[in-house]
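In what follows, a structure is listed as structure tokens, so that the remarks can point back to it.
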Amino acid sequence: QLSQMLKRLFPFGRGLVHDYWAANVWAVYLFADKVLTFLCRKITPLGRFTGNFIPLPVISPAVSTVCLLLGMIPAFYCAWNVAANSTTLSLSKTTTVTKEKDDTVDEIFIGDEKQNTFFVRAVVYCSFAGFMFSYHCHEKAIMTSIIPLTLLSTTSREDASLFLRTSTLGHFGLLPLLFRPAEAMLKFF
């Protein structure tokens, strides 16, 4: 049972993309590969192009993992800075709270407010990176970004705008999953 569970968690035997091609980096990469293959067949003389020619290299799970980790580095770096600054913020907050109408108190309050939403922002960013660079990513994986983004949608206009665009495009990407005739009407509403 453990081997079956590992095969489901890490589906490296299934290939880079799913049947429906989730809208991520690897879908664009494979689309470019198909266009280059088509162009090579049209440009080269008939006898010189072999069917085994692949214009772009095949992406291995290791390359996908490296790209995923590189995509998450900004969130890790910011998390490190927030963790390092949280102790200095709490120390300076206790020393400057007694002052009357000081600018540093307002800055610290804004810092605390940003620090309160930072974890959710980091989760959203890492889930976006996971959707964009994961090996064999399904189109429903965008929900891992949309769900925590709902928590941020009430904090600012920019977050609400990002939520609206992401949820609209993400749900539009899920429409191919509704393929039965009884589900077809849901695509129009």
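Considering segment 132-169, and only residues there that are assigned to a helix (DSSP H, G or I), modelled with pLDDT under 85 and crowded, with 16+ Cβ neighbours inside 10 Å, the residue that is nearest to the chain's Cα centre (by Cα) turns out to be Ala141.
Among the residues of segment 18-55, those that are open to solvent by less than 80 Å² (accessible area, probe 1.4 Å), touching a helix residue (DSSP H, G or I) at 6+ places or on another chain (Cβ under 8 Å) and at pLDDT below 70 comprise His18, Phe49.
The values are calculated or read from the model by the stated rules, or taken from the named source; none is laboratory data. Model, not experiment: these values are computed from the prediction. Glycine also receives a Cβ, built like all others from the backbone with ideal geometry; neighbour counts cover every protein chain displayed. Ligands, DNA and RNA are excluded from the accessible area calculation, which covers all protein heavy atoms including side chains. Shrake-Rupley method; radii C 1.70, N 1.55, O 1.52, S 1.80 Å.
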